[in-house]
Every structure is written in C-alpha cells, then in structure tokens.
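A short write-up of the structure that comes next.
Here, each number is a calculation from the coordinates, and none is a lab measurement. From a predicted model like this one, the values you see are computed outputs, not experimental measurements.
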Amino acid sequence: MTSPQPVPDPIVSPCIAVCSLDATGQVCLGCHRTIDEITAWSTLTPAERRAVLQAVAARNSPQTQEPA
C-alpha cells in the first residue's frame, strides 16, 4: 500500500504580468512585491508566501498609498 502524496499548497504568484518598478526601483507596480520578494518567491514555503501576500496587501492598502 502506498502512502498518499501531500497536496501542494495552491498559493500562486500574485504576478499580473504588469512588470514595472516604482520610482525607487524596489517595488513592482503590478504585483506590489519588492524585488527580493519576487526573486525569492519560487523558493518560499507556503507560510512565507502567505506572509508576502499579507505584506503586499498592507503595502497596497489605501492608507499606505501616496497621494497622486
């Protein structure tokens, strides 16, 4: 009898293929991740990915947006 395979965590990249950096060159204007978060994404654990998504949500909230 074989043991069941673990189900992968379906946390997908927040990339929306609008890859352009902000004026500082540190945050993507499409997915709102930092350069470090983007480059690390493929090696992050599901818990780390959830933490990045929480940081993205906080970074993208109206309270943290700079006025136009």
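Need one word for the range 9-52: rounded, prolate or oblate. Basis is the Cα gyration tensor (sqrt eigenvalues a ≥ b ≥ c); a/c below 1.5 gives rounded, then a/b vs b/c decides.
Numbers: a/c = 2.75, a/b = 1.83, b/c = 1.50.
Prolate shape, in that a/c is at least 1.5 and a/b is the bigger ratio.
Amide H contacts of Leu21 (H built 1.01 Å from N, in plane; Pro and chain starts excluded): Leu29 sit under 5 Å, all sequence-distant by 5 or more or on other chains.
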